[in-house]
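Engineer: This is the structure I have questions about; it appears just below.
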Amino acid sequence: MWARYSGNTVTLFYCPSDYGEFEAEKLRYTVLLRLARSPKSCLLWLTRFVIVLRHPVSEFCQMRRTTTALITLCCLGSRLFAGNPLIPTVYSADPSAHVWPGDERIWLYCSTDEPGTNTNDTMVCYHVYSSTNLVDWTDYGIALHLNNVRWAASHMWAPDCVLRHGIYTLVYCAKEKWSGSFRTGLATSTRPEGPFKDIGYIQGIEGGQDPAVFIDDDGTPYILWGSGGTCHGAVLSDDLRSVVPGTTVDLTKQLTYVYEGPWLHKYNGKYYLSYPGLVGGEWPEKMFYAVADKPLGPYTFKGCYIPEFKGQSGTNHGSIISYKNQWLAFHHSTWVSGGLSEVRNLMCDRLEYDLNGDIKPITPSEKGVSIDGVPKGPSQVTVMLEAEDAPANLGDIRGASVGAEAPGFGGSGYVTHFEGPGASISLVVQSSKARRADLKIRYRLPGHDESHKVRVNATQVPDPLGGYTSWEKRIVFPRSESWTEMDLGPVELKEGDNVLRFIAAEKGDIAVDRFTLSPQVDRIAMVGDSITHMGDWKTVLGRNDVVNWGIPGYTTGQIEWTFKDLVQQESGLKVVFLEGGINDLTLGVPPNVVYENEIRAIAYWRKRGVMPILQSIIFKVDSPETNAVIADLNARLREYCGAEHVDYVDLNAVLSDSKGLRADLSIDGTHLNPPAYELWAGEIRKTLDRLKL
């Protein structure tokens, strides 16, 4: 008996057959359970369930032999394979979604929660994200920071953005320095991602919290705002800088349960005003909506479209847009933080209307939304930071200048003409949690090779080819007539703010266009049973691009069932090291079945363009009969690999002697100790070196 989960469903498998997955498929007994809050509690739940099921299961399957039921709860990664949450890399909330004319991307303008310290007054900046499929996202860093708003003191809460007369205007709120009251600020940019430059606040709005701007079909701009159980709306001037006198309307009494955060969209000629509200003044907030024939009402209350759901924060705040023939509801939750309301994350769920135009209630789901047939999967977030925008990202440019003469750059320019050693670019990368990311630098260097340094926090990044080749730890940037990208490999990011610096080690003409930090790709998978599972592969191999896919208790056939999950989780795989078979032989699975399972596994990975490397079944300590079977099976597998040009690693050559597995390398006659994994890693490194991986 074994268990695994996908999504938030646990599947209990019971296989009485001795003959691998073929008969197991015919006879398996499956129980579906909802996943409890933690793997530990889930395991206890499963254990109780098995006690109840043990007798009926044995009768149902009419066991042919006495076995001990084994339950293995396989936590195949920290994320479930689904579309929500959208951005796990930065704590963001209050998403205002837009699709700009002539641009196929969804753009999200969001507030930012500071991990560990957010008490609302520590919300000090905004982020902008874009995507074409709700899976692959770009984070453009800090779009506007409190440091760059001369009139604001704190509380940079929910924002919105509007494209008007060719200018992108961020409409946001913050508390004013000299009054302590909320103001509705404006900041502009020629690029949808910013950075934005503050131009003051809108005249005629008092207490302007949570602003949302709506441009009607006739071009008239409207603004709505609300806080503390109130909601107002008004017409804006053409330049957005002031409210048109006499147009302000108090909508509070028309919007049952309203508390804050209004959003306006149009559907079938009707105006839908959605907002977070409190029923009876009780938290958490639910999302409600009302409908009108005009942007400023009067409104008719309709009901709740996002009720309370598991893992939501005390607040909710959202936006509704149409994208590629689907209606989408954006909002936020606490799924990334595990329920901490002070650090939230973005969500998106499909929104549907019934025949009467009423919004159907939404149950937020990990499944997310599929766009253009792109499979729903964990969000992949790439941070893209333009070098010339360093001052907007809490950094600076020292001893260098911004240029825009060489065509092909991104953003609004690049940084070049470094005056000498110590000239630098610095900026901040924000991260919700400690994580690894692959760092790349896009640059142009038409002259000759130059040496410079790159630092993340207090760690100097080594040269990707030569490593730490000098005391100063310089990186050689090869000459390049055109813009090119250098991959510096994985770097460590801590929770919160991370300082990224490019430091000139000499006077240079290098032009630095941008920095990108993309999700670290695991190129190597160690696949097998508990013998693989117990290895600390990142440590023993000395590299970070390795995923451990060892699953205790699994036979070769059962391991194969997990390949699909591995493919979904690790899109960048290059090599798979296959190990397994000892569980099969212990359970009496015939060697021919093991042989066929291994061949099928090799074919599976080859078909997907991933190189399979088969490793020998490891002998046991002082078990002559079992070892004889293993030796014969290994010989057949090795012969097959030779004929099919598949790499084969003979682990017994370094782990065994004439009696089988060396006793000094084992903890129990089958499983390995740390010195054994060092020897094993040495054999893997030889293979990787030969393959230049």
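The values are calculated or read from the model by the stated rules, or taken from the named source; none is laboratory data. What you are looking at is a predicted structure, and each value in this text was computed from that prediction instead of being measured. Because the Cβ atoms are built from the backbone with ideal geometry, glycine has one as well, and the counts that use them run over all protein chains shown. Areas reflect the complete protein model, heavy atoms only, side chains present, ligands, DNA and RNA absent. Shrake-Rupley method; radii C 1.70, N 1.55, O 1.52, S 1.80 Å.
Engineer: Looking at (1) touching a His at 6+ places or on another chain (Cβ under 7 Å); (2) buried (at least 24 other Cβ atoms within 10 Å of the Cβ); (3) modelled with pLDDT under 95, can you tell me which one Ala93 breaks?
Structural biologist: (3)
Engineer: A follow-up question, please. Would you point out the residue of the stretch 417-472, among those that are aromatic (Phe, Trp, Tyr) and farther than 20 Å from Tyr140 by Cβ, that is most open to solvent (accessible area, probe 1.4 Å)?
Structural biologist: For the stretch 417-472, the residue satisfying everything is Trp471.
Engineer: If you go through the stretch 301-319 one residue at a time, do you hit one that is surrounded by fewer than 19 Cβ atoms within 10 Å (Cβ to Cβ) and touching a helix residue (DSSP H, G or I) at 6+ places or on another chain (Cβ under 8 Å)?
Structural biologist: yes
Engineer: Just give me the residues in the stretch 198-215 being part of a loop (DSSP other than H, G, I, E, B), under 35 Å from the mean Cα position of the chain (by Cα) and either at pLDDT 95 or above or β-branched (Val, Ile, Thr) (or both), in sequence order.
Structural biologist: Gln209, Asp210, Pro211 - these are the residues of the stretch 198-215 that are part of a loop (DSSP other than H, G, I, E, B), under 35 Å from the mean Cα position of the chain (by Cα) and either at pLDDT 95 or above or β-branched (Val, Ile, Thr) (or both).
Engineer: Please go through the stretch 527-561 and give me each residue that is touching a Lys or Arg at 6+ places or on another chain (Cβ under 7 Å), open to solvent by less than 10 Å² (accessible area, probe 1.4 Å) and touching a residue at least 60 places away in the same chain (Cβ under 8 Å), ordered by number.
Structural biologist: Within the stretch 527-561, no residue meets the criteria.
Engineer: Moving on to the next point. Can you name the strands (runs of 3 or more DSSP E) wholly within the stretch 272-346 that have at least 3 residues being within 20 Å of Met123 (Cα to Cα)?
Structural biologist: 326-333
Engineer: Take the stretch 585-607 and flag every residue that is touching a Phe, Trp or Tyr at 6+ places or on another chain (Cβ under 9 Å), assigned to a loop (DSSP other than H, G, I, E, B) and open to solvent by 20 Å² or more (accessible area, probe 1.4 Å).
Structural biologist: Matches in the stretch 585-607: Gly588, Pro590.
Engineer: Here's another thing I want to ask about it. What number of residues within the stretch 515-539 are among the charged types (D, E, K, R) and assigned to a helix (DSSP H, G or I)?
Structural biologist: The number of residues fulfilling the criteria is 1.
Engineer: For Ser616, work out the one condition from (1) within 26 Å of Glu678 (Cα to Cα); (2) at pLDDT 95 or above; (3) surrounded by fewer than 18 Cβ atoms within 10 Å (Cβ to Cβ) it doesn't fulfil.
Structural biologist: (3)
Engineer: Another question, then. Name the single residue that is farthest from Tyr604 (Cα to Cα) among those in the stretch 564-584 being touching a helix residue (DSSP H, G or I) at 6+ places or on another chain (Cβ under 6 Å) and outside any strand (DSSP E or B).
Structural biologist: Among residues in the stretch 564-584 that are touching a helix residue (DSSP H, G or I) at 6+ places or on another chain (Cβ under 6 Å) and outside any strand (DSSP E or B), the one farthest from Tyr604 (Cα to Cα) is Asp584.
Engineer: Identify, by number, the condition in (1) open to solvent by less than 50 Å² (accessible area, probe 1.4 Å); (2) at pLDDT 95 or above; (3) not acidic (Asp, Glu) that Arg241 doesn't meet.
Structural biologist: It is condition (1) that Arg241 fails.
Engineer: Kindly indicate the residue of the stretch 341-360 that is acidic (Asp, Glu) and open to solvent by 50 Å² or more (accessible area, probe 1.4 Å) and also nearest to Pro88 (Cα to Cα) among those meeting that condition.
Structural biologist: Among those residues, the one meeting the criterion is Glu342.
Engineer: I'm told Lys324 meets every condition in (1) under 30 Å from Pro378 (Cα atoms); (2) at pLDDT 95 or above except one. Can you identify the failing condition by its number?
Structural biologist: (2)
Engineer: Collect the residues in the stretch 240-259 that are assigned to a loop (DSSP other than H, G, I, E, B) and without any contact (Cβ under 8 Å) to a residue 60 or more places away in the chain, keeping them in residue-number order.
Structural biologist: Arg241, Val244, Pro245, Gly246, Thr247, Thr248, Leu251, Leu255, Thr256, Tyr257, Tyr259
Engineer: Consider only pairs whose beta carbons are under 8 Å apart and that are at least six residues apart or on different chains; among these, list those whose first residue lies in the stretch 627-642 and is surrounded by 12 or more Cβ atoms within 10 Å (Cβ to Cβ) and assigned to a helix (DSSP H, G or I) and whose second residue is at pLDDT 95 or above and basic (Lys, Arg).
Structural biologist: Here the result reads Asn627/Lys620; Ile630/Lys620, each pair linking the stretch 627-642 to a residue that is at pLDDT 95 or above and basic (Lys, Arg).
Engineer: Being under 25 Å from His645 (Cβ atoms), touching a helix residue (DSSP H, G or I) at 6+ places or on another chain (Cβ under 7 Å) and not aromatic (Phe, Trp, Tyr) narrows it down to one of Pro552, Pro591, so name that one.
Structural biologist: Pro591
Engineer: Sticking with this one: In the stretch 280-291, is there at least one residue being in contact with a helix residue (DSSP H, G or I) (Cβ under 9 Å, 6 or more places away or on another chain), surrounded by 15 or more Cβ atoms within 10 Å (Cβ to Cβ), farther than 25 Å from Leu328 by Cβ and in contact (Cβ under 8 Å) with a residue 12 or more places away in the chain?
Structural biologist: No, that holds for no residue.
Engineer: Considering only residues of the stretch 655-676 that are of a type in the set (Ser, Thr, Tyr) and out of contact with any Phe, Trp or Tyr (no Cβ under 8 Å at 6 or more places or on another chain), which is surrounded by the fewest Cβ atoms within 10 Å (Cβ to Cβ)?
Structural biologist: Here the residue is Ser658.
Engineer: In this structure, does Arg543 turn out to be among the basic types (Lys, Arg), touching a Gly at 6+ places or on another chain (Cβ under 8 Å) and within 22 Å of Arg685 (Cα to Cα)?
Structural biologist: No, not satisfied.
Engineer: Let me ask another. I'm trying to understand the selection: among the residues of the stretch 389-416, which are free of Cβ contacts under 8 Å to residues at least 60 places away in the same chain and open to solvent by less than 20 Å² (accessible area, probe 1.4 Å)?
Structural biologist: The answer is Ala390, Gly413.
Engineer: Residues being open to solvent by less than 50 Å² (accessible area, probe 1.4 Å), within 13 Å of Ser227 (Cβ to Cβ) and of a type in the set (D, E, K, R): count how many of those fall in the stretch 169-182.
Structural biologist: Residues meeting the conditions: 0.
Engineer: Being surrounded by fewer than 22 Cβ atoms within 10 Å (Cβ to Cβ), polar (S, T, N, Q) and not in a loop (DSSP other than H, G, I, E, B) narrows it down to one of Thr363, Thr382, so name that one.
Structural biologist: Sole residue among the options that is surrounded by fewer than 22 Cβ atoms within 10 Å (Cβ to Cβ), polar (S, T, N, Q) and not in a loop (DSSP other than H, G, I, E, B): Thr382.
Engineer: If you go through the stretch 139-168 one residue at a time, how many are surrounded by fewer than 19 Cβ atoms within 10 Å (Cβ to Cβ), assigned to a strand (DSSP E or B) and either touching a residue at least 60 places away in the same chain (Cβ under 8 Å) or touching a Phe, Trp or Tyr at 6+ places or on another chain (Cβ under 6 Å) (or both)?
Structural biologist: Number of matching residues: 2.
Engineer: Of the conditions (1) surrounded by fewer than 23 Cβ atoms within 10 Å (Cβ to Cβ); (2) touching a Lys or Arg at 6+ places or on another chain (Cβ under 9 Å); (3) polar (S, T, N, Q), Asn120 satisfies every one except a single condition; which number is it?
Structural biologist: Here Asn120 meets the rest and fails (2).
Engineer: Scan the stretch 216-239 for residues that are under 19 Å from Ile167 (Cα atoms) and either among the aromatic types (Phe, Trp, Tyr) or outside any strand (DSSP E or B) (or both) and jot them down.
Structural biologist: Asp216, Asp217, Asp218, Gly219, Thr220, Tyr222, Ser237, Asp238, Asp239, listed by residue number.
Engineer: Name every residue in the stretch 108-167 that is farther than 17 Å from Val213 by Cα and of a type in the set (Lys, Arg), in order of residue number.
Structural biologist: The answer is Arg150, and nothing else.
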